[in-house]
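**Q** One structure, pasted below without further comment.
Values quoted throughout were computed directly from the atomic coordinates according to the rules given, and no laboratory measurement underlies them. As the structure is a prediction and not an experimental result, all values here were calculated from the model. Neighbour counts are summed over all protein chains in view; Cβ atoms, including those assigned to glycine, are modelled from backbone coordinates with ideal geometry.
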Amino acid sequence: MRILAATSELHPYSKTGGLADMVAGLSNSLAEQGHEVRIVTPLYKCVRESVANLKPFDWKMQLPLGAQTIEAKVWTIHPRDNLTIYFIDQPDFFNRDGLYQTEQGGFPDNPDRFIFFSKAVTHLARYLDWRPDILHLHDWQSALIPLLVRHQSTNEGWENPPATCLTIHNLAYQGVCDKSHFENTNLPWDHFTPDGVEFFGSINFLKAGIVYSDWVSTVSRKYASEILTPEFGCGLEAILTKRISTLSGILNGVDYGEWNTTNNPFIPFQYSAGNLDGKSKNKMALQRSLGLKVDSNVPFFGTISRLAEQKGLHLLIKTLRELDLNQMQFVLLGTGDVSLANQFNNLAKEFPQNVAIHIGYDRQLAHLIEAGTDFFVMPSLYEPCGLNQLYSLRYGSIPIVRATGGLDDTIQDIDSSGAPGTGLKFLNPLASELTETMRRALRLYPTSNFKRCQLMGMKQDYSWNLSAKSYANLFTNLCMQNLR
Ligand code: ADP
């Protein structure tokens, strides 16, 4: 099958979050399974400056954007068999510091940047001499594409266009903007209605994708059902419910080539389920590097997270203040909300031997925290899939999670009765429930069941293989329906 994916970020070229990892992991796996995969993504400044082996692609685009005509070039790279990446080179839109924003906030022309990007993807899908069977779109930045495809097939003679699948990675980010940007789509205003692109008088890119794509997927089964409710639907629950028969959840996979406890250059001591010696050595190395008391017997909790409301860290602050921090240790690595960072930093000042806070983005420390902690805390208010709990399983750091989205789908609760499981779960987003669950963890730690559950987690397999097969099956069905 020929799959053309469109994404606003792609590991290892550009990344602000899990989307970049997901598209890279899925594409590699589909390519390995013999599908022909091509990806379109913007040529950001960071890509232009860091990727040496880009090749110019003999293709010049001149696309309308409202009353203007905008030119773009295309660069390409062929990282492996069956995988080609096209970078859209439009310097005015993409040759900037940052993908979507600066410290001052989002770029005001983000709608126009991604209308243009969507047009460029649609143009390639239509005119390349390689015709895709399926267009796989990700998040609001490429969610206008299904409408552009439909419009061109109904009105501009595009015969047999590919089927379209939109994957929602986080429903909270919808690309809502003033309707004045609609001119730049060059689409008739007929589509600007409550049944189409309009959302309370504004444009909503993600909604357009939900309405016009052939299939909508999201990144876990639980999240696919949660987003039909007012609590998780971010105002789009009614429109999603209309799509219920063409909506599904497929869990993201893990790149175990990077996230593993063997052959890992980021951790000083390698280990595995067969030999955990290295784990306690990593624990002490982590304690030493953070300036905490070095003690392999103290229960050690960790969190790596964006400091954002979604992640439920305000619950964790309250819980840490309830627990006896002299009897445990805690490390946080994260960036984001300054007031949350300050509250965590205050804890570290009060308990310097037991609490360490590292504000910043640090890939190496992320691996060492996974490898050196006993428990990994993710009290998210919602979590479409979540990757850190999957990494934690592999690293033997038992996840403590709220039973939501992908967290609920991937973690089996360790029953207080002693039945084995892979993590500890709580239901409601309440500090009292998180506190009780962390107390359960503290009680589990000295028992033999701790190691049993740790090993059970380490043996779980969330590699891309299975999830990529689910996408391939879905795409095959969509193609068959498209041909009918
Ligand atoms: P989200 O995509 O919502 O931020 P995920 O759990 O799906 O959450 O993925 C987060 C990814 O970003 C993980 O790979 C995690 O290790 C990484 N990460 C988040 N914050 C940091 C940080 N401060 N330093 C290093 N890695 C981080």
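**Q** Count the DSSP beta bridges whose two residues both fall in region 225-346, then state the antiparallel fraction as a percent rounded to the nearest 5.
**A** Percent antiparallel among DSSP bridges in region 225-346 is about 10.
**Q** Of LEU30, GLN68, ASN82, which is farthest along the charge dipole of region 1-122 in the positive direction, counting Lys and Arg as +1 and Asp and Glu as -1 at C-beta?
**A** Among LEU30, GLN68, ASN82, the one farthest towards the positive end of the dipole of region 1-122 is ASN82.
**Q** Also, I was wondering about something else. Check cross-link reach from LYS55 to the aspartates and glutamates: straight Cα distance under 14 Å, and skip same-chain residues fewer than eight apart.
**A** In chain and number order, the partners are ASP89.
**Q** To the nearest 10 degrees, how steeply does helix 313-322 sit against the main Cα axis of the chain, on a 0 to 90 scale?
**A** Roughly 10 degrees, rounded to the nearest 10.
**Q** If the only charges are +1 at each Lys and Arg Cβ and -1 at each Asp and Glu Cβ, what is the size of the charge dipole of region 277-461 around the Cα centre, to the nearest 20 debye? The partial results should precede the final answer.
**A** Details: 20 positive and 18 negative charges, 96 e Å.
For this selection, approximately 460 debye.
**Q** Provide the FRET efficiency to the nearest 0.05 for the ARG288-THR447 pair, computing r from the beta carbons and using R0 = 30 Å.
**A** According to the calculation, E is roughly 0.65.
**Q** Then there is this: Rounded, prolate or oblate for region 248-321? Axes are the square roots of the Cα gyration tensor eigenvalues, ordered a ≥ b ≥ c, and the cut-off for rounded is a/c under 1.5.
**A** oblate
**Q** Can you give the extra length, in nm with one decimal, that the chain gains between ASN345 and TYR361 once fully stretched, where that is 0.36 nm per residue apart less the Cα-Cα distance?
**A** 4.2 nm
**Q** Oh, and also: If you take the beta carbon distance between ASN428 and SER180 as r and set R0 to 45 Å, what does 1/(1 + (r/R0)^6) give as a FRET efficiency, to the nearest 0.05?
**A** Efficiency, rounded to the nearest 0.05: 0.60.
**Q** What do you get for Rg/Rh of region 351-476 when both radii come from the Cα atoms and Rh is the Kirkwood radius? Can you show the working numbers first?
**A** On the way: Rg = 15.5 Å, Rh = 15.6 Å.
Result for region 351-476 is an Rg/Rh of 1.00.
**Q** Okay, next question. Can you classify region 35-189 as rounded, prolate or oblate using the Cα gyration tensor, where a ≥ b ≥ c are the square roots of its eigenvalues, rounded means a/c under 1.5, and otherwise it's prolate if a/b beats b/c and oblate if not?
**A** rounded
**Q** In degrees from 0 to 90, rounded to the nearest 10, what is the angle of the helix 431-444 Cα long axis to the longest principal axis of the chain?
**A** The two axes meet at around 50 degrees.
**Q** Ignoring everything except DSSP H segments at least 4 long, calculate the 222 nm mean residue ellipticity for the chain; use -39,500 (n - 2.57) per segment, divide by total residues, nearest 500.
**A** Numbers: 17 runs with 180 residues, N = 484.
That calculation yields -11000 deg cm²/dmol at 222 nm.
**Q** Give the Rg/Rh ratio for region 287-373, taking Rg as the radius of gyration of the Cα atoms and Rh as the Kirkwood radius, to two decimals.
**A** So for region 287-373, dividing Rg by the Kirkwood Rh gives 0.93.
**Q** Subtract the Cα-Cα distance of LEU483 and ALA172 from 0.36 nm times their separation in residues, and report this length gain in nm to one decimal.
**A** 108.6 nm
**Q** For the chain, find the longest principal axis of its Cα atoms and tell me its angle to the long axis of helix 448-458, 0 to 90°, nearest 10.
**A** Orientation of helix 448-458: about 20 degrees from the principal axis.
**Q** Shifting gears a bit: Using Cβ contacts closer than 10 Å as the measure, can you line up THR76, THR404 from fewest to most?
**A** Lowest to highest Cβ neighbour count: THR76, THR404.
**Q** Dipole of the chain, Cα-centred, from +1 at each Lys and Arg C-beta and -1 at each Asp and Glu C-beta, to the nearest 20 debye? Each step should come with its number before you reach the end.
**A** On the way: 43 positive and 48 negative charges, 217 e Å.
Approximately 1040 debye in magnitude.
**Q** Let's see if you can work this out: charge +1 on each Lys and Arg Cβ, -1 on each Asp and Glu Cβ, no other charges. What is the dipole magnitude of region 384-447 about its Cα centre, in debye to the nearest 20?
**A** I would put it at about 200 debye.
**Q** Using every Cα-Cα pair within the chain, state what percent have a distance larger than 37 Å.
**A** That fraction is 30 percent.
**Q** From the C-alpha gyration tensor of region 277-461, pull out the three semi-axes of the equivalent ellipsoid (sqrt of 5λ each), sorted largest to smallest, in whole Å.
**A** 21, 19, 16
**Q** Rounded, prolate or oblate: pick one for region 131-246, where a ≥ b ≥ c are the square roots of the eigenvalues of its C-alpha gyration tensor, a/c under 1.5 means rounded, and failing that, prolate if a/b is larger than b/c, else oblate.
**A** Judged from the Cα gyration tensor, region 131-246 comes out oblate (a/c at least 1.5, b/c at or above a/b).
**Q** If you average the alpha carbon positions of region 228-302 and of region 1-74, how far apart do those two centres end up, in angstrom?
**A** 27 Å
**Q** Neighbouring Cβ atoms within 10 Å as the yardstick, rank LYS242, LYS459 fewest first.
**A** Listing LYS242, LYS459 from fewest to most nearby Cβ atoms yields LYS459, LYS242.
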